[in-house]
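Remarks on the structure that follows.
The values are calculated or read from the model by the stated rules, or taken from the named source; none is laboratory data. Bear in mind that the values here come from a model prediction, so they are computed numbers and not experimental data. Ideal geometry is used to build each Cβ from the backbone, glycine not excepted, and the neighbour counts take in all protein chains shown. What goes into the accessible areas is simple: the full protein's heavy atoms, side chains included, and nothing from ligands, DNA or RNA. Shrake-Rupley method; radii C 1.70, N 1.55, O 1.52, S 1.80 Å.
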Amino acid sequence: MVDHGYFGQYGGQYVPDTLFKALEDLQKAYDYYQNQASFKTELQHYLKHYVGRPTPLYYARNLSKQLRIKLYLKREDLNHTGAHKINNTLGQVLLARYMGKSRIIAETGAGQHGVATATASALLNMDCVIYMGSKDMKRQALNVHRIRLLGADVKPVDTGSQTLKEAVTAAMQDWMGSSSKSHYVIGSVLGPHPFPSLVRDFQRVIGDETFEQFQELESKLPDHLIACIGGGSNAMGFFTRFISESQVHLIGVEAAGQGLGAHQHAATLTKGSSGILHGAKSYVLQSSTGQINPVHSISAGLDYPGVGPELSYLYDTQRLDVTSVTDEQALEACQWVAESEGIIPALETSHAFAALKTRTFKPKERVVLCVSGRGDKDMETLAWDTKR
């Protein structure tokens, strides 16, 4: 599916000349170390004994009864740091150490990737700088405190919408001037080749475990997989093992914000078009003249005007079914899941849960939903909502 950094027409390396050498070095290092026993053994050690893998595949009995389906939850919220992000950050920071780098750069929106990068950097004794939009720093203040407690430097980004898009831009600008000593740990299946493939590979442990666990529980394949989509790392990590299994229906859930008729939303695949953003060709939300549109989601992790190139390809080839969910539906779903199962999902994951009510499933169908993160980081937003 991928050829020289392309998934069909999507992907590539649309970057300044100063970054080609850094990207080439990263590709060569990854091609080499991913097959080295020492690297694989060390990464597996940390994933098992530090992160807490494998995460459970939990049968959600109460929700299943309400929906008249068999609903299983892949519990990435139970990872150390509370989300799937640590799978990728540990892999990339460890790779950076093997490459001889001494400094880590990252961007973050919801803060979970920032926390996970700072965590991996502390574990592996690397200096760490996190770029974060000023707006996101306010609505994710708890994660800002966590990042700083872990010893990383949080740099606010005050340009543009002051959210994830601008944080990515600032991080890439830093990397352009410091690539000899720094590695940029991009947080999703975005950016120039090889990042979309590299991040996907570090995250595919989610789907690989799900496949084995579901076989053990049901002795067959799921009927549907559901994951929220911002940039797409949890979705690609979850879906990859099942892409070749044509009978498994893949459902991605995007953020419709106040609704797709509203001025701003973040439903890139649903409402976007092909364009260039942050070094790769993919679906983006843009004007008729190619300017990136402002976006909105109550979830900082979905508040991004692009999506990974492989997801764009899967959508074009109709392997991926995409739906969108409003802020209000996500908030209602979070409350519903908390009261029904005693699990408070992140607002990103709440979009996926909301799709359980907006989509139609046949009775007894087997559905697996990726719980990409827990809702601790969103408590101020959720507390405000419950007071209305």
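On the stretch given as segment 45-55, residues that are free of Cβ contacts under 8 Å to residues at least 40 places away in the same chain and not hydrophobic (A, V, I, L, M, F, W, C) total 4. Taking the criterion of being open to solvent by 10 Å² or more (accessible area, probe 1.4 Å) and either within 16 Å of the chain's Cα centre (by Cα) or charged (D, E, K, R) (or both), the residues of segment 82-106 that qualify are 84, 85, 97, 101, 103.
Among the residues of segment 273-323, those identified as closer than 19 Å to residue 13 by Cα and of a type in the set (Val, Ile, Thr) are 276, 284, 292, 307. Restricting segment 332-388 to residues that are in a helix (DSSP H, G or I) and acidic (Asp, Glu) leaves a set whose member that is modelled with the lowest pLDDT is 385.
Checking every residue in segment 190-209 against the condition of being of a type in the set (D, E, K, R), in contact (Cβ under 8 Å) with a residue 24 or more places away in the chain and farther than 20 Å from residue 94 by Cα gives at least one match. What residue, among those in segment 252-280 that are in contact (Cβ under 8 Å) with a residue 60 or more places away in the chain, in contact with a Phe, Trp or Tyr (Cβ under 7 Å, 6 or more places away or on another chain) and assigned to a strand (DSSP E or B), is least open to solvent (accessible area, probe 1.4 Å)? Among those residues, the one meeting the criterion is 280.
Note on segment 1-59: among residues that are part of a loop (DSSP other than H, G, I, E, B) and among the β-branched types (Val, Ile, Thr), the one that is most open to solvent (accessible area, probe 1.4 Å) is 15. Figure legend. Inter-residue proximity from segment 22-44: first residues touching a residue at least 40 places away in the same chain (Cβ under 8 Å), second residues charged (D, E, K, R) and open to solvent by 50 Å² or more (accessible area, probe 1.4 Å), beta-carbon distance below 8 Å, spacing 6+ or different chains. Indicated pairs: 34/40. Total residues in segment 227-251 satisfying the condition of being of a type in the set (Phe, Trp, Tyr) and crowded, with 24+ Cβ neighbours inside 10 Å: the figure is 2. Counting only residues that are free of Cβ contacts under 8 Å to residues at least 40 places away in the same chain, open to solvent by 10 Å² or more (accessible area, probe 1.4 Å) and more than 14 Å from residue 379 (Cβ to Cβ), how many does segment 125-146 have? Number satisfying all stated conditions: 8.
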